[in-house]
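Colleague: First, the structure itself, so that you have it in front of you.
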Amino acid sequence: MKNALVFKSFLTLFISFLLFSCNSTDYGTSSRATGWKYNSKDGGFQVNTNYKEQETGPGLVFIEGGTFTMGRVQDDVMHDWNNTPTQQHIQSFYMDETEVTNIMYLEYLDWLKGVYPPTDPKYKEIYGGSLPDTLVWRNRLGFNEMMTNNYLRHPAYANYPVVGVNWIQAVQFSKWRTDRVNERILEEESVIKRNAPFEDVSAESTFNTETYLNAPSETYGGNDEATRGGKQSQQYAKKNDSTGLYIQRKDGLLLPQYRLPTEAEWEYAALGLVELRSYNIYRGRKKYPWNGQYSRSGKRRTQGDQLANFKQGDGDYGGIAGWSDDGADITAPVASYDANDFGLYDMAGNVAEWVADIYRPIVDDEYNDFNYYRGNVYTKNAINPDGTVKIVTTDSIIYDTLSNGKIVATILPGGILQTPVDEKETYLRTNFTKSDNINFRDGDKSSSRYYEGFQDENIPNRRMYNDPIHKVESSDEDSTKLDRRYDESSNRTTLIGDDKRVYKGGSWKDRAYWLDPAQRRFFPQDMSTDYIGFRNAMSRVGEKSKIKKTPKHKKPRKK
C-alpha cells in the first residue's frame, strides 16, 4: 500500500512536470490540420519543435510589456503641454542595460575603418560620416578643449556614454550591431565558416542579416565557402546529400534587429512601474525612475547623494570639493547610479537619449494606444528584372548629404536596396494607404492649414511645417566642393519639421525638471550635441512574459 501511494505521488508529479514544461512551441509530433508527421525523414513539413524562447542579445535586459499612463502627471513648468497623460500599452521588448559607450562606438569605427579604408577615396565618406562630432564640447566662453581632444578615444572615458552622435548615426550603428551579433551567432552555431567575420570580410564581402535571410547566396559577396563553411552546415550537407545549410527565419536562431526604442517604449522602461504593481493595478505613480518625489538618496550610507547625474543649480554640476554629491561634473561612467526596477541604468541624467519618433506636439491616442510610434515609412526590397533582390555593391553605396554638409552612408555594400511601398501593397487596405505616414492625422491646424496632401520643400505653402530649409548643393564652380546656403528667411514660423526627432531624459547639463521620463524635447536628426547619447532596443517575439502568472500564495515558476 505504501509503495503504491509513493508510485501514485511520483506519477502525479511527473505528469504535472510534463504539463507545466509545455510551451507555445509544443506542437506535438503530427499536424492537427492534416495528420501528417512533422519532420519526417520521408519528407513533409519541417518545423523547429525545440524552440524555447528568444535569446537575450548582448547588452540587453528584458522589459515585460504592459499598460501605463504615458505623459506628465506632475505640474508643467514650461507650459508646453506636449505630453498630456494618455493610457498606452507596450509589447514586451529588450533594452540596453546602459547607454552605448565610447568603447562600444569605437569598436564600430574600428570595423568600418578596417573594411572600408578611409584612405581609399571610394570609401572615405563611410568612415568620416560615422565619426562623432567631437567639436560639440566647445563653448565660446568655456575652456573645454580637453574633452574635445580626449573624450571619445582616451581610455579614461572608455566606459562613458558616447555623445556627438546624431540620430542618423545612431540608427546606422544599430544596423551594424544587428549584423555583427547575428554573424557571431551563426559562427558559434558552426553554420558559417569559423573566423569568416575576420578572414572573409572586405568591402565587397560582408554579412548583412536581411541579405542572408532573403538572398543567402549573396552573403559575403557570394562566397559560399564562407556562408556554408561551418561544421554544422557541412554535416547537414553530407547527411541530406545537399550543398549545405542556410539558416532561415523559421529556425528562430537569428535575433531581430537592434534599433532605437520608440518614445513610448523608452518612457515605459524608464518609469519601471513593476515595483508598484499589486495584482493588475499600480499602487500610485512615479515622478522619477526611482521611488519617491526627491532626487536625493534617503539611505543612511548615501544620504544626501544625488540619485542621478544632472545640474543642481547655476554653476553647480557636481557639488563642492570633498562632497561631490553626484560624482561627476560632465558625464559619468555608465551604471554609476542604481538601476531602476527593470534593471536599466541612467534612465534619468548622465545623457539624454535619442528615440525613434518624429516630434509632434501631441500624442494621438484617439487613433492608437498600442505600441504608439510616429515615424513609420514603409519600404520593401527592391527587385531586379530577374526577380532577385537588388543588393547594394561598392559602386552603388547610398549616401545622404545632411543639412550641415556632412555626408553619411545610409546603405552599405551587401545590404538590400529599399524602395517605398506602392499601390501593390496599399490597394484597398484600411490600415495604411501610403509609404510615408509621418504626418498622418497630424492634428495641428496652424501647421496644416495649407497642406494639400503632399510635401514639396520648394513650395512653402505645401509643406506640413514651415521650419527652416538649409540648402547643401554641389558648387557650380567646383563639383568636389559643397555650396552651403543657410536659410535666412524671416517668414519661418516653427522649428518643428519632419526631420526633428524626440529625445528623452535629463542630462548632465539639465536641471532636475527634465529627469521626469515624461518630458519630451526635439532636435534635428542630423545634428549632435554634448548631452545627447542613445541606447538600443530590440523587439521580443513570442510570449509576453518570461514568468507564468500564478496565485499570490504560489512562487512564480520560471520557464
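Colleague: Could you pull out the residue among ASN431, ASN437 that is closer than 29 Å to ILE383 by Cα, modelled with pLDDT of 85 or more and surrounded by 10 or more Cβ atoms within 10 Å (Cβ to Cβ)?
Modeller: ASN437
Colleague: Okay, next question. When you check LEU112 against the structure, is it open to solvent by 60 Å² or more (accessible area, probe 1.4 Å), at pLDDT 95 or above, outside any loop (DSSP other than H, G, I, E, B) and in contact with a Ser or Thr (Cβ under 7 Å, 6 or more places away or on another chain), yes or no?
Modeller: No, not satisfied.
Colleague: Cβ-Cβ below 6 Å, separation at least six or inter-chain, first residue in segment 115-137 and without any contact (Cβ under 8 Å) to a residue 60 or more places away in the chain and among the β-branched types (Val, Ile, Thr), second surrounded by fewer than 18 Cβ atoms within 10 Å (Cβ to Cβ) and not in a loop (DSSP other than H, G, I, E, B): which pairs?
Modeller: What qualifies is THR134/THR148.
Colleague: I would also like to ask the following. All but one of (1) part of a strand (DSSP E or B); (2) under 26 Å from GLN293 (Cβ atoms); (3) aromatic (Phe, Trp, Tyr) hold for TRP81; which doesn't?
Modeller: (1)
Matching residues to (1) at pLDDT 50 or above; (2) within 37 Å of the chain's Cα centre (by Cα):
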{"site": "SER21", "(1), (2)": "no, yes"}
{"site": "THR34", "(1), (2)": "yes, no"}
{"site": "ASP42", "(1), (2)": "yes, no"}
{"site": "ASN50", "(1), (2)": "yes, yes"}
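Colleague: Answer yes or no as to whether ASP80 is acidic (Asp, Glu), in contact (Cβ under 8 Å) with a residue 40 or more places away in the chain and buried (at least 19 other Cβ atoms within 10 Å of the Cβ). So that I can check it myself, show each step before the final result.
Modeller: Working: acidic (Asp, Glu): yes; in contact (Cβ under 8 Å) with a residue 40 or more places away in the chain: yes; buried (at least 19 other Cβ atoms within 10 Å of the Cβ): no.
The answer is no for ASP80.
Colleague: Might you check whether a residue that is open to solvent by 40 Å² or more (accessible area, probe 1.4 Å), touching a helix residue (DSSP H, G or I) at 6+ places or on another chain (Cβ under 7 Å) and modelled with pLDDT of 95 or more occurs anywhere in segment 336-343?
Modeller: no
Colleague: Given ARG283, ARG249, ARG296, which one is of a type in the set (Lys, Arg), touching an Asp or Glu at 6+ places or on another chain (Cβ under 7 Å) and at negative phi?
Modeller: The unique qualifying residue is ARG296.
Colleague: Would you point out the residue of segment 322-335, among those that are over 28 Å from the mean Cα position of the chain (by Cα) and farther than 22 Å from TRP137 by Cβ, that is surrounded by the fewest Cβ atoms within 10 Å (Cβ to Cβ)?
Modeller: Residue satisfying both the conditions and the ranking: GLY322.
Yes/no matrix, rows are residues, columns are (1) in contact with a helix residue (DSSP H, G or I) (Cβ under 9 Å, 6 or more places away or on another chain); (2) acidic (Asp, Glu); (3) outside any loop (DSSP other than H, G, I, E, B):
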{"position": "ARG285", "(1), (2), (3)": "yes, no, no"}
{"position": "TYR288", "(1), (2), (3)": "yes, no, no"}
{"position": "GLY292", "(1), (2), (3)": "no, no, no"}
{"position": "GLY298", "(1), (2), (3)": "no, no, no"}
{"position": "GLN303", "(1), (2), (3)": "no, no, no"}
{"position": "ALA308", "(1), (2), (3)": "yes, no, no"}
{"position": "ASP329", "(1), (2), (3)": "no, yes, no"}
{"position": "VAL334", "(1), (2), (3)": "no, no, no"}
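Colleague: Residues GLU210, GLU218: which one is open to solvent by 10 Å² or more (accessible area, probe 1.4 Å) and either under 20 Å from GLY57 (Cβ atoms) or outside any helix (DSSP H, G or I) (or both)?
Modeller: GLU210
Colleague: Sort through GLY319, GLY313, GLY292 and tell me the only one that's open to solvent by 40 Å² or more (accessible area, probe 1.4 Å) and under 21 Å from TYR513 (Cα atoms).
Modeller: Answer to the check: GLY292.
Colleague: For segment 365-413, which fully contained strands (runs of 3 or more DSSP E) count at least 1 residues that are in contact with a Gly (Cβ under 9 Å, 6 or more places away or on another chain) and more than 22 Å from ASP483 (Cα to Cα)?
Modeller: Answer list for segment 365-413: none.
Colleague: How do the pairs read when you match residues in segment 92-104 that are without any contact (Cβ under 8 Å) to a residue 40 or more places away in the chain and under 8 Å from VAL334 (Cβ atoms) with residues anywhere that are small (Gly, Ala, Ser) and surrounded by 22 or more Cβ atoms within 10 Å (Cβ to Cβ), using Cβ under 6 Å and keeping only pairs 6 or more apart or on different chains?
Modeller: none
Colleague: State whether the residues of segment 231-250 include one that is open to solvent by less than 10 Å² (accessible area, probe 1.4 Å) and within 20 Å of the chain's Cα centre (by Cα).
Modeller: no
Colleague: Pairs please, first residue from segment 359-386 and open to solvent by less than 50 Å² (accessible area, probe 1.4 Å), second anywhere and among the aromatic types (Phe, Trp, Tyr), Cβ atoms under 6 Å, 6+ apart in sequence or on different chains.
Modeller: TYR359/PHE522
Colleague: Follow-up question, since we're still on this one. Can you tell me which residue among PRO460, PRO420 is of a type outside the set (Phe, Trp, Tyr), at pLDDT 95 or above and open to solvent by 60 Å² or more (accessible area, probe 1.4 Å)?
Modeller: Criteria check complete, one pass: PRO420.
Colleague: Quick one: in segment 31-65, which of the residues that are in contact (Cβ under 8 Å) with a residue 24 or more places away in the chain and farther than 15 Å from TYR94 by Cβ is surrounded by the most Cβ atoms within 10 Å (Cβ to Cβ)?
Modeller: Once the filter is applied, the top-ranked residue is TYR51.
Colleague: So, in segment 318-330, how many residues would count as being under 14 Å from ARG511 (Cα atoms) and at pLDDT 90 or above?
Modeller: Number satisfying all stated conditions: 2.
Colleague: Go through the residues of segment 294-303 one by one and say whether even a single one is among the aromatic types (Phe, Trp, Tyr) and at pLDDT 90 or above.
Modeller: No, that holds for no residue.
Colleague: Got a sec? Which of SER448, SER396, SER403 is at pLDDT 90 or above and out of contact with any Phe, Trp or Tyr (no Cβ under 8 Å at 6 or more places or on another chain)?
Modeller: Being at pLDDT 90 or above and out of contact with any Phe, Trp or Tyr (no Cβ under 8 Å at 6 or more places or on another chain) holds for just one of SER448, SER396, SER403, which is SER396.
Colleague: Limited to segment 414-426, what total is found for residues that are closer than 17 Å to PRO216 by Cα and not in a strand (DSSP E or B)?
Modeller: The qualifying residues number 3.
Colleague: Which of the following residues is part of a strand (DSSP E or B), of a type in the set (S, T, N, Q) and either more than 23 Å from the chain's Cα centre (by Cα) or surrounded by 16 or more Cβ atoms within 10 Å (Cβ to Cβ) (or both): GLN74, GLN88?
Modeller: Within the list GLN74, GLN88, the selection yields GLN88.
Colleague: Return the residue satisfying two criteria in turn: it lies in segment 251-283 and is out of contact with any helix residue (DSSP H, G or I) (no Cβ under 8 Å at 6 or more places or on another chain), open to solvent by less than 60 Å² (accessible area, probe 1.4 Å) and of a type in the set (Ser, Thr, Tyr), and of such residues it is nearest to GLU183 (Cα to Cα).
Modeller: Result: THR262.
The values are calculated or read from the model by the stated rules, or taken from the named source; none is laboratory data. Please read these numbers as outputs of a predicted model, since none were measured by experiment. When we count neighbours, we look across all protein chains shown, and the Cβ atoms used for this are built from the backbone with ideal geometry, even at glycine. Remember, those area values only see protein heavy atoms, side chains included, never the ligands or the DNA or RNA. Shrake-Rupley method; radii C 1.70, N 1.55, O 1.52, S 1.80 Å.
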